[in-house]
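The numbers here are math on the coordinates, done by the rules we state, and not lab data. Bear in mind that the values here come from a model prediction, so they are computed numbers and not experimental data. Here the Cβ positions follow ideal geometry from the backbone for every residue, glycine too, while neighbour counts run over all protein chains shown.
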Amino acid sequence: MILLRFSVFNCAGLNEGGIKTLLDWLSSLSPKIKAEPCEDILLKAIEISKEDEKMEELPLHIAKRLARSRVNSIYEKACEDSKPVPAVVDYEQRMLKMRNRPFGVIYDASLLAELFSDLIGLIYKEECDGEIVITNQLIATFEPDEKRYHLRVSLYSSPSIISTTGLVEAPAKSRKYYISRRLGLDVYASKEFFDPKALQHGDGRIIEALKGYLAQAVFYFATGIPFCSDPACRLFNAHWQHELLRAQLRPGAGFCQKHKRMLENFEEL
């Protein structure tokens, strides 16, 4: 008997083999878990807008919301009621048609989640226990106490968002790396400042690292608590690259004893 059914939306341009690897692994965590693939929600919206006259303005509507979700300053919170710049809206509308979208723009994670939630509700009628969107776009959350944004790998909400680019950019690298960047040095050319073990864009290990973040989303939907305090557990909330590497990519990476037991007794959660 399946207790939790998840829909995983591939908005990161991951190949079919990568997605299958992730969903098979997620479903293997417990016989009570079923993970099902869903296509890119943004491309699906474009497709629907061409088939239904009532939806022909949908791409423009999405582009405007994406433009309003942009983080233009790390010290200024994005506002969903702001008036987007027409050139930015035009850019976003053009990017909607691409399966492998360029990355570099930072989006407010909460506003992006609201957009995905509205699109999923509009397009998909099947009910599930949780939706997970994998994107290649950078996401950030605004921290009121610090009055600034911080890059994130993931946001756990409904739906949850996991950023493949965030895996590379969000966890902090070594202090030497940031000092060298401020000095204008080529951090990738210098072995002293560049850590070859850290995840890079296009890294083949990204699929393996994604597994732990999918598991965090599962625990969020099941218990409301996605993280674990054990640095060796897949559910550890890594703030540094070396922490991510240990939790997700060390040989035999897995769960702590507490979370292993929880998966074995999933129906009791």
Please check: in the Gaussian network model of the chain (C-alpha springs, under 10 Å), which one of Gln241, Gln257, Gln93 has the largest mean-square fluctuation. Gln257
Taking only DSSP H segments of four or more residues, each worth -39500 (n - 2.57), what value at 222 nm results for the chain once the sum is divided by all its residues, to the nearest 500 deg cm²/dmol? -11500 deg cm²/dmol
Which of the cysteines found in the chain have nothing to pair with, since no other Cys Cβ lies under 4.7 Å from theirs? Cys11, Cys38, Cys79, Cys128
Given points 7 Å out from each Cα along the Cα-Cβ axis, report the Asn265 to Asp52 separation in nanometres with one decimal. 4.5
Neighbouring Cβ atoms within 10 Å as the yardstick, rank Thr165, Thr135, Thr223 fewest first. Thr223, Thr165, Thr135
Mean-square fluctuation maximum in Gaussian network of the chain, Cα pairs under 10 Å, restricted to Lys147, Lys125, Lys50, hits Lys125
Compute the distance from the alpha-carbon center of region 207-229 to that of region 100-120, in whole Å. 20
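Report the relative contact order of the chain, percent, no decimals, based on alpha-carbon pairs under 8 angstrom and at least 6 residues apart. Present the calculation step by step, with values, prior to reporting the outcome.
Working: 447 pairs, mean separation 45.2, N = 269.
Value for the chain: 17 percent.
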For Asp24 and Tyr75, what does the FRET efficiency come to when R0 = 41 Å and r is the distance between their Cβ atoms, rounded to the nearest 0.05? 0.45
Return the long-range amide H neighbours of Val133 (sequence gap of 5 or more, or a different chain), with a cut-off of under 5 Å between placed amide H atoms. Phe9, Ser160, Ile161, Ile162
Which one of Tyr213, Tyr91, Val8 is farthest out on the positive end of the charge dipole of region 4-268, using unit charges on Cβ (Lys, Arg +1; Asp, Glu -1) and the Cα centre as origin? Tyr213
List the lysines whose alpha-carbon lies under 25 Å from that of Lys34, not counting same-chain residues fewer than 8 positions away? Lys20, Lys44, Lys125, Lys211, Lys258, Lys260
Name the residues whose placed amide hydrogens come within less than 5 Å of the amide hydrogen of Trp240, ignoring near sequence neighbours (fewer than 5 apart) on the same chain. Ala172
Label of the coordinate-derived value, Cα Rg over 2.2 N^0.38 Å, listed as [x] 1.03; [y] 1.32; [z] 1.61: [x]
Looking only at Ala253, Ala67, Ala217, which one moves most when the chain is put into a Gaussian network model with springs between Cα atoms under 10 Å? Ala253
Tell me which DSSP H helices of the chain clear both cut-offs, 20 Å or more of axial length from alpha-carbon atoms and a mean Kyte-Doolittle hydropathy of at least 0.0. 109-123, 206-223
